[in-house]
Amino acid sequence: MDILRRFETINDYNVFNNNETLHPLVSVVDLSKAAPRQGSRMYFGFYTIFLKDVKCGDLIYGRNTYDYQEGTLVFLAPGQVAGMNSNGETYQPKGFALVFHPDLIHGTAIGKHMLDFTFFGYEFHEALHLSERERKIVMDCFSKIQYELERAIDKHSKRLIVSNIELFLNYCIRFYDRQFITRENVHQGILEKFEQLLNNYFKSEKPQTIGLPSVAWCASELNLSASYFGDLIKKDTGKTAQDYIQERVIEEAKERIFDHSKSVNQVAYELGFKYPQHFTRLFKKRVGQSPNEYRSLN
């Protein structure tokens, strides 16, 4: 696992897996064509989506190991490092990978909203678990992309390939929405834990030492990626995690403002604001009154 293989181009990855390069910027890789190999870490310079067919090892992401079962989709953004831990044993890769270079989508509709596909920022243990029906839809998208790749490139090729990639990713948004519901037992209590986390935060000295709680900090405390945590909170509450935190900050501020022994600036510092004017601006935006006006009127 100490070996780091770097794949900067689509062709690099195709060669590694014994697949023909039909287009320099995109490929549907049949992993069963690859030679048997042992686990290693890999750097990807392009978008990579794995569809695993069999259990043949654990995925390594950063310093963590994740059980990677069949029927799951895992998403990697360019620049990420991942790998397979086969525990020293040789294994035969199986499944498929859709890989496409950022240059393929520059200037296209999908290129302008890739950030909407937040699952590229998820951790491996937040992978998408497919039903058999969903897997067929995924494979249908892959086969349409492969069909275009096997044809002679014409003026329609890029638009049809990119459209099918976008269709596939839009289906993945739907499938994740389904997973947030069907895996409720896995997510059960996240919102309650989030609320308790914020309650404990403001009862401690953390606001004065760390500052305002960030979405990333809260997600880390709950052992989730910031992207997955944010999407989960949005599905549960209809609000972004940042909005939820800000609402909690304002509720805490309203309680403290009634302590006339403290100035508004002191309240701001206690809550974790580095600059009191930022507190005043947020309070007025959320409440419709400045902190001093709210204190006077109430």
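The values are calculated or read from the model by the stated rules, or taken from the named source; none is laboratory data. No experiment lies behind these values; they were computed from the predicted model shown. So basically every Cβ, Gly included, is an ideal-geometry build from the backbone, and we count neighbours across all protein chains shown.
From the list 296, 261, the one residue that fits, being part of a helix (DSSP H, G or I), of a type in the set (Gly, Ala, Ser) and more than 21 Å from residue 214 (Cα to Cα), is 296. With respect to the conditions (1) surrounded by fewer than 16 Cβ atoms within 10 Å (Cβ to Cβ); (2) under 15 Å from the mean Cα position of the chain (by Cα); (3) closer than 30 Å to residue 110 by Cβ, residue 223 falls short on a single one, namely (3).
Does residue 211 satisfy the criteria of being of a type in the set (Gly, Ala, Ser), under 25 Å from the mean Cα position of the chain (by Cα) and farther than 30 Å from residue 176 by Cα? For residue 211, the condition - of a type in the set (Gly, Ala, Ser), under 25 Å from the mean Cα position of the chain (by Cα) and farther than 30 Å from residue 176 by Cα - is met.
Looking at residue 255, is it modelled with pLDDT of 90 or more, assigned to a helix (DSSP H, G or I), over 30 Å from residue 117 (Cβ atoms) and out of contact with any Gly (no Cβ under 7 Å at 6 or more places or on another chain)? No, not satisfied. Residues that are modelled with pLDDT under 90 and of a type in the set (D, E, K, R) were ranked within the stretch 258-285; the one that is surrounded by the fewest Cβ atoms within 10 Å (Cβ to Cβ) is 259. Sub-8 Å Cβ pairs linking a first residue in the stretch 155-183 that is surrounded by 17 or more Cβ atoms within 10 Å (Cβ to Cβ) to a second residue that is of a type in the set (Phe, Trp, Tyr), at least 6 apart or interchain, are 165/100; 168/142; 169/117; 172/75; 172/117; 172/119; 176/119, ordered by first then second residue. Any chance you could count how many residues in the stretch 140-178 are hydrophobic (A, V, I, L, M, F, W, C) and either in contact with an Asp or Glu (Cβ under 7 Å, 6 or more places away or on another chain) or outside any helix (DSSP H, G or I) (or both)? Number satisfying all stated conditions: 5. Being modelled with pLDDT under 90, over 21 Å from the mean Cα position of the chain (by Cα) and surrounded by fewer than 16 Cβ atoms within 10 Å (Cβ to Cβ) is the requirement here; does residue 87 meet it? Yes: the conditions hold for residue 87.
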